[in-house]
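Readers should treat all values here as calculations from the given coordinates under stated rules, not as data from a laboratory. Just so we're clear, the structure is a prediction, and the values are computed from it rather than from any experiment. FYI the Cβ positions are ideal-geometry reconstructions off the backbone, even for glycines, and counts take in every protein chain you see.
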Amino acid sequence: MVDWNLAVATATRLVRPGPEVSRDEARAVVAELRRHAKASEGHVRGFTRLGTDDAHDTPVLVVDRPGWVRANVAGFREILKPLLDKMQERRGSTPGGTVLGAVGGKVTGVELGMLLSFLSSRVLGQYETFAPASRDLPAGGPPDSPTGGGRLLLVAPNIVHVERELDVEPHDFRLWVCLHEETHRTQFTAVPWLRDHLEGEIQSFLAETDVDPMTVLERIREAAQSLVGGRPEAEEGDGGRSFVELVQTPAQREILGRLTAVMSLLEGHADFVMDGVGPDVVPTVSEIREKFQQRRARGASRLDIALRKLLGLDAKLRQYRDGERFVRAVVDEVGMDGFNRVWTSPNTLPTKAEIAKPADWVARVHGRPES
């Protein structure tokens, strides 16, 4: 169904070259990012009051853009396997299914590679938890361990590119990025059930995918009509949805609402921690934050803005803002220890509505009336 090797080859061929640096400069950047990642552990743990010894065993991998692509292809391959197996079985029972599958797999591989090449120059770091351990992707433990077999990825050329584009102090910016990504590593290593919960939600989302091509085409047709205003009964607010959202089933939208709330929490928490720790260890944090927010908001080009809308990446930008606002409001109301009750179980995670109204989460989890 997907030619994964072709996806990697396509992305690697199309990926933009990184900034020009000498070999010595590259080595220095890698070494500094490793030092900052290590130092960030103590800063993040002290501020969040979360911690586990498993974090020490979780590898920090400083990668280039093709390395990021390979890690994400490995993760996609693992998380999508149940859905692709189901689609392969469905296709294999139709006349000519094998031939169509071989051709379709290459087409999909090229398309995925093109998408990853676009994204590979935009990601500064990532906590990757779904890909199985391999020589290129060592993990902190077996997949059923509390770490979930995860690893922290720092994309060195992208970090250097952005620090130059923003014209900020490089050493401060690198530590600032590491604080954000280390928060994600702490979230997953200190909350053992988080990885399995996310994987379960993703698998539930994928299980709702209709593998009938005609049904998918009909949904795409309806989505296209709604985007151009051709469907009179279009739901209110459809104009604000991405094309990806519009081709989902109602059940998928419900699951996506829960996933959006979790991702808003994780991203907002990381931004909150980054800003909370920053003033003590990053002298130029105010300048970095202001310039980085401006960069997030404006996008790189008209094409970049169009692709962000198509892929739903604008929603991710909202997650940072809405999630950070939720975390800040809850910490202001009940303190850090009170906020940390969010990590007790899936039942204490905020809903999408609670992300927008933090007082509702406080009332539900802490039993306090809304102020």
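Between beta-carbons, use under 13 Å as the cut-off and find the net charge around Thr12, counting Lys and Arg +1, Asp and Glu -1.
+3
Placing +1 at every Lys and Arg Cβ and -1 at every Asp and Glu Cβ, with all other atoms neutral, what dipole size does segment 146-190 have around its Cα centre, in debye to the nearest 20?
320
How much FRET efficiency would the formula 1/(1 + (r/R0)^6) give for Leu115 and Arg34, where r is the Cβ-Cβ distance and R0 is 22 Å, rounded to 0.05?
E(calc), rounded to 0.05, equals 0.15.
Run the numbers for Gln203 and Asp85: contour at 0.36 nm per residue of separation, minus the present Cα-Cα distance, in nm.
Gain on stretching Gln203 to Asp85: 41.2 nm.
Can you tell me how much longer the chain between Asp136 and Ala9 gets when fully stretched, taken as 0.36 nm per residue apart minus their C-alpha distance, in nm with one decimal?
44.1 nm
Holding the Cα-Cα limit at 31 Å, pick out from Lys38/Lys352; Lys81/Lys352; Lys291/Lys357; Lys38/Lys106 the pairs that are longer than that.
Lys38/Lys352; Lys38/Lys106
Between Arg77 and Val123, how many nm apart are label points set 7 Å from Cα along the C-beta direction?
Taking the simple label geometry, Arg77 and Val123 are separated by 1.5 nm.
Evaluate the distance, in nm, between pseudo-label points positioned 7 Å from the Cα of His171 and of Thr351 along their respective Cα→Cβ axes.
That separation, rounded to one decimal, is 5.0 nm.
Obtain the radius of gyration and the Kirkwood radius of segment 148-210 from its C-alpha atoms and give Rg over Rh.
Radius of gyration over Kirkwood radius for segment 148-210 works out to 1.17.
Between Arg295 and Arg164, 0.36 nm times their residue separation minus their Cα-Cα distance comes to what?
Computed gain between Arg295 and Arg164 is 45.9 nm.
Give the dimensionless ratio obtained when the Cα radius of gyration of segment 320-371 is divided by 2.2 N^0.38 Å.
0.99
Just to be sure I understand the model, the point goes 7 Å from the Cα along the line to the Cβ. What's the resulting Met336 to Arg321 distance in nm?
Distance between the two pseudo-spin positions: 2.8 nm.
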